Amino acid sequence: MFSHVVLGANDLDAAKTFYDAVIGSLGGKPGMINGERIVYMNNGGLLLVGKPINGEEACHANGGTIGFAAASPEQVDAFHAAGVANGGTTCENPPGLRDGGFGKLYLAYLRDPDGNKICAMHRVG
């Protein structure tokens, strides 16, 4: 459905440290610097993180979440641990199994250094 996702960041060094760690935990490679953006390519998708084009401060979307697919619950846990160890903060519930309208999901939520909310998700069964 999506070709790419772009997230704003005010501190590119902090963003690269954080996203290199969380994307790496999912099997991706470190981001490539392209001007004032960091580009991540993994599993056919693109994530771009960088300074807003309009020159204003980056801010997070209230109610927005970017979800990343994980191959296993262990990979979700590694994503969460990598994020917390590299400038992110945990949010919502601790990583774990949720049973809802979409079946059983193993989820972990984080906020990146700029407050963007991200999630790793593994569909169980």
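A Förster radius of 35 Å combined with the Cβ-Cβ distance from Arg98 to Met32 puts the calculated FRET efficiency at roughly 0.55. Computed over protein heavy atoms with a 1.4 Å probe, the carbon and sulfur contribution to the accessible area of the chain reaches 55%.
Counting only Cα atoms, the size of the chain along its three principal axes is 43, 30, 27 Å, in decreasing order. Taking the longest Cα principal axis of the chain as reference, the axis of helix 12-25 is set at about 30 degrees.
Full extension of the chain between Val6 and Ala69 yields a length gain of 21.0 nm, computed as 0.36 nm times the residue separation minus the alpha carbon distance. Of the residues Lys51, Lys117, ranked by 1.4 Å probe accessible area with the largest first, the sequence reads Lys51, Lys117. For helix 73-85, what angle does its Cα long axis make with the longest principal axis of the chain, in degrees from 0 to 90 and rounded to 10? Long axis of 73-85 versus the principal axis of the chain: about 40 degrees. Loop-located GluC sites (Glu not before Pro) across the range 39-125 with a Cβ neighbour count of 16 or fewer within 10 Å are Glu56, Glu57, Glu92, with loop assigned by DSSP.
The values are calculated or read from the model by the stated rules, or taken from the named source; none is laboratory data. Only a predicted model underlies this, so the values are computations on that prediction, with no experimental measurement involved. As a convention, Cβ positions derive from the backbone with ideal geometry for all residues, glycine included, and neighbour counts pool all protein chains shown. When the accessible area is computed, the model is the full protein with side chains, heavy atoms only, and any ligands, DNA or RNA have been set aside. Shrake-Rupley method; radii C 1.70, N 1.55, O 1.52, S 1.80 Å.
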